[in-house]
Each structure stands twice: as C-alpha cells, then as structure tokens.
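Written below as structure tokens is the structure these notes are about.
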Amino acid sequence: MEFYNLGLVPWFESQVIYHALAHLNREALILCSPATPYVCAGFHQDIPSEVDLKACKELGIPLFRREVGGGLVFLDARQVFFQIVLHRKNPDVPINRERFYRKLLEPVIQTLRDFNLAAELRSPCDLIINSKKISGNGAGQIGECYVLVGNILLDFNYEVMSSLIRVPSEGFRQEYLHQMQENLTTLQSEMGRAVSKEEVIERLKTNFTGAFSLTSTQLDNQVLEQIRKLTPMFKSNKWLMEAGRRLLYREIKVAENCYIREYQVSLDGTDLTCRLVLAGQRITKITLIDSNRLIPPLLLRQLEYSLLEKKMDFNTLNEACMEAHALNPFNAKNLALALSGKKVATTV
C-alpha cells in the first residue's frame, strides 16, 4: 500500500487527494492536516439545509462536499487526518460494516492508547475516550475502491463550529454548542498539554505499518493530473448545492450517542417548538416552547417531564402526552405522531 505522509497541505487538497487515488484504483494511506479551516459535508447531505452559507462567507471559510458519507464537520490545522483507500476486491477488506470499521480503525485506537488514553470504538465508527468522541469517521465507495476517512482532534473550536450550522432557532445553536462541549474531547484536553501533529503522525505511521505493508512515496504526475481533472467538479456550485437528504425536522449529529432535533408542530389552536436531545431513540433532554403562549408554562413543564427518557415510538409518546394532561387528546395524539415521524412536522 502506498503511504503519503504529507503534513500541512492546502485545504482543498486535503480532501481531493484521496478522491484522486480512489479514482485511479491506487490503494493508499494518507496522513495530513489542512493548512486553513473549511467545512466539509457528507455525500448525502443537503448543504443549504445544513450550513449557514452567509456565516461561512463572512468568515471566509470555504466548503467541500465529499464522495464519502458521514456528517458535517469543521476541519482545521489542529486535526490530523487519516485516509485509507482500498480496492473493493481486496480480500483483506471486511464486507461486514462493523468489522470493516473495527479493523481499519484499530491502528488509530492503538495510537490513542500509546498516549495512555483508554480509547475504544463506539459502534459503528466513533472513537471515544471516557465516553467522549475524539475521532469521527466516515466511509463510502469511490469508483472501485472503499474509502475510510477520519481525524484525531488535537484541539477544537466549538464556538466556530456552532456558528457555521444552519439552525431553526438560536436555542438550537446553543444546545448544539453545549452538547459538543459535553460529548467531544481533544488530545489537549485529555493530556493536559498541547500535543504536536508530529507526535500523533509518528504513532499512526507505526501502528498502520503493523496492519498494512506501507511503501512511502510522494504525489506523482498521475495523481496530480487526476487532481486537476477532479477539481472543476468539486469546486462547482452544481456539485456543492446538489440536493441531498432532507428531513421533516432539523437534526444534527454530535456523536453516535447524541443527536439534536427540533420540530415545529402545528396543533389545534397553537404552534409548538419541540427541541430534543436523543441518545439512540431515547429522549435525554426536551424543551417545549408554545409560540402563542396559550399553554400554561406549568403544563408545558409537566409535558416535558412526562416525555423525558421515553423511546421515540408513537404508542410510548402518545401515552406520555396523555398522562401529562397538558394537551387535549387530539393535540396529544398529533404531537406524538409528529415526534415519531408518522405525521409531517415542519421546520424552518
């Protein structure tokens, strides 16, 4: 397998290089960091729905949409990227999704453990330390190759990330910031000192060498020519703004065990904003806001309390809404239908 230890590279190249190698059917491991910040969206995401384009423009932060899955990420020089390209017919590539991530991420887990950190995999593809994510990963097929991309957070700017997402309300943005601070960690936070990219890269190189036969090399003319061919597409507005997956509510993933959702639910006589924090399909936090102030605050708090820790299925939610005695049976049923995805709930 070809091994590219590239260090700091221009932000655009930090993504397009592995695409070029995959399109050329060249198996490789790339280690690098972007010289300047940018926002990167997953292949299936809808950028206008996910990103505050005005904020990105004002801050001079560019956008990239990759051919690999996963969520929206803010990337900068305080992260080390590892990118693995393997031909889909390689007999050593597990077909099972869980085994695929476990095998390819084992060198990264060992790298974190080399710093005396109790790193582990939270299925399917988050690496965590003390229940907090330190490495987010995504995978997909590009041409005839499987590609896994991930990063290790040396440090992270939570405030900038929270400012770049498109939100239905400022309350959603503040909740997102809070949940990131609670569910993400960095090497600097865990070690109590700044950790250099060189330290991390050296350990990654050693551990990946134990898993793959690596041959160090540099970007050659074939790869550079493929980058040149791919650049117009990746920079085109058509590619960036191509319609992606849209939900009936606003949702953003913080970690495998933490999602934030916000619904705007029209009930008989009023409109209700419902902001949820979910672990799996269980409500761990809920905020209800009656835009018309027709439901007494005490009843809203009773409804929140009744829904807290409930699973996101209609029967459970409907029962909880009825037990709270905050809504009439018609509205209780409609709220349960909306939250469980069985009825259209609108979002901004």
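The values are calculated or read from the model by the stated rules, or taken from the named source; none is laboratory data. What you are looking at is a predicted structure, and each value in this text was computed from that prediction instead of being measured. Don't worry about glycine lacking a Cβ; one is built from the backbone with ideal geometry, like all the others, and counts go over all protein chains shown. We work out accessible area using only protein heavy atoms, side chains counted, and drop any ligands, DNA or RNA first. Shrake-Rupley method; radii C 1.70, N 1.55, O 1.52, S 1.80 Å.
Please verify whether the stretch 5-17 includes one or more residues that are hydroxyl-bearing (Ser, Thr, Tyr) and crowded, with 20+ Cβ neighbours inside 10 Å.
Looking only at the stretch 5-17, we keep the residues that are hydroxyl-bearing (Ser, Thr, Tyr), and these are 14.
After this cut, where a residue has to be crowded, with 20+ Cβ neighbours inside 10 Å as well, the list is 14.
Yes, the stretch 5-17 contains at least one residue that is hydroxyl-bearing (Ser, Thr, Tyr) and crowded, with 20+ Cβ neighbours inside 10 Å.
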**OP:** Out of GLU309, GLU256, GLU262, report the one residue that is in contact with a Pro (Cβ under 9 Å, 6 or more places away or on another chain), modelled with pLDDT of 95 or more and within 30 Å of PHE156 (Cβ to Cβ).
**Re:** GLU262
Original post:
For the stretch 87-103, does any single residue satisfy the condition of being out of contact with any His (no Cβ under 8 Å at 6 or more places or on another chain) and open to solvent by less than 10 Å² (accessible area, probe 1.4 Å)?
Top reply: no
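Which residues, counting only those in the stretch 289-303, are outside any loop (DSSP other than H, G, I, E, B) and touching a Ser or Thr at 6+ places or on another chain (Cβ under 7 Å)?
ILE289, ASP290, listed by residue number.
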**OP:** Considering only residues that are of a type outside the set (A, V, I, L, M) and open to solvent by 10 Å² or more (accessible area, probe 1.4 Å), look in the stretch 134-149 and name the one that is farthest from the chain's Cα centre (by Cα).
**Re:** GLU144
Original post:
Which pairs have Cβ atoms under 7 Å, sit 6 or more apart or on different chains, and link a residue in the stretch 184-204 that is of a type in the set (Lys, Arg) to one that is in a helix (DSSP H, G or I) and modelled with pLDDT of 95 or more?
Top reply: ARG203/THR111; ARG203/ASP114
**OP:** Could you give me the residue pairs with C-beta distances under 9 Å whose first residue belongs to the stretch 42-59 and is aromatic (Phe, Trp, Tyr), whose second residue is part of a loop (DSSP other than H, G, I, E, B) wherever it lies, and which are 6+ apart or on separate chains?
**Re:** PHE43/ARG66; PHE43/GLU67; PHE43/VAL68; PHE43/GLY69; PHE43/GLY70; PHE43/GLY244
Subject >> Residue selected from the stretch 241-283 under the condition open to solvent by less than 50 Å² (accessible area, probe 1.4 Å) and among the polar types (S, T, N, Q), by the criterion nearest to LEU337 (Cα to Cα) >> reply: GLN264
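Open to solvent by 50 Å² or more (accessible area, probe 1.4 Å) and under 28 Å from GLY70 (Cβ atoms), is that true of ASP313?
So ASP313 fits the description; yes.
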Subject >> Near pairs, Cβ below 9 angstrom, 6+ apart or cross-chain, from the stretch 223-234 (more than 10 Å from GLU13 (Cα to Cα) and in contact (Cβ under 8 Å) with a residue 60 or more places away in the chain) to any residue that is open to solvent by 30 Å² or more (accessible area, probe 1.4 Å) and among the basic types (Lys, Arg) >> reply: VAL223/ARG26
Original post:
Considering the stretch 150-195 alone, what residues qualify as being polar (S, T, N, Q), open to solvent by 40 Å² or more (accessible area, probe 1.4 Å) and more than 29 Å from ARG246 (Cα to Cα)?
Top reply: GLN188, SER189
**OP:** List the strands (runs of 3 or more DSSP E) that sit entirely inside the stretch 236-286 and contain at least 2 residues that are hydroxyl-bearing (Ser, Thr, Tyr).
**Re:** 258-267, 270-279
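Are there any strands (runs of 3 or more DSSP E) wholly within the stretch 116-197 with 3 or more residues that are of a type in the set (Lys, Arg), and if so which?
Working: elements: 119-122, 126-129, 132-135, 137-142, 145-153.
Correct list: empty, since no element meets the threshold.
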**OP:** Would you check which residues across the stretch 72-109 are touching a residue at least 12 places away in the same chain (Cβ under 8 Å) and assigned to a loop (DSSP other than H, G, I, E, B) and list them?
**Re:** LEU72, ASP76, ALA77, ARG78, ARG88, LYS89, ASN90, VAL93
Original post:
Among the numbered criteria (1) of a type outside the set (S, T, N, Q); (2) open to solvent by 20 Å² or more (accessible area, probe 1.4 Å); (3) closer than 17 Å to SER340 by Cα, which single criterion is violated by LEU307?
Top reply: (2)
**OP:** Return yes when ARG122 is farther than 25 Å from THR287 by Cα, in contact (Cβ under 8 Å) with a residue 24 or more places away in the chain and open to solvent by 40 Å² or more (accessible area, probe 1.4 Å) and no when it is not.
**Re:** yes
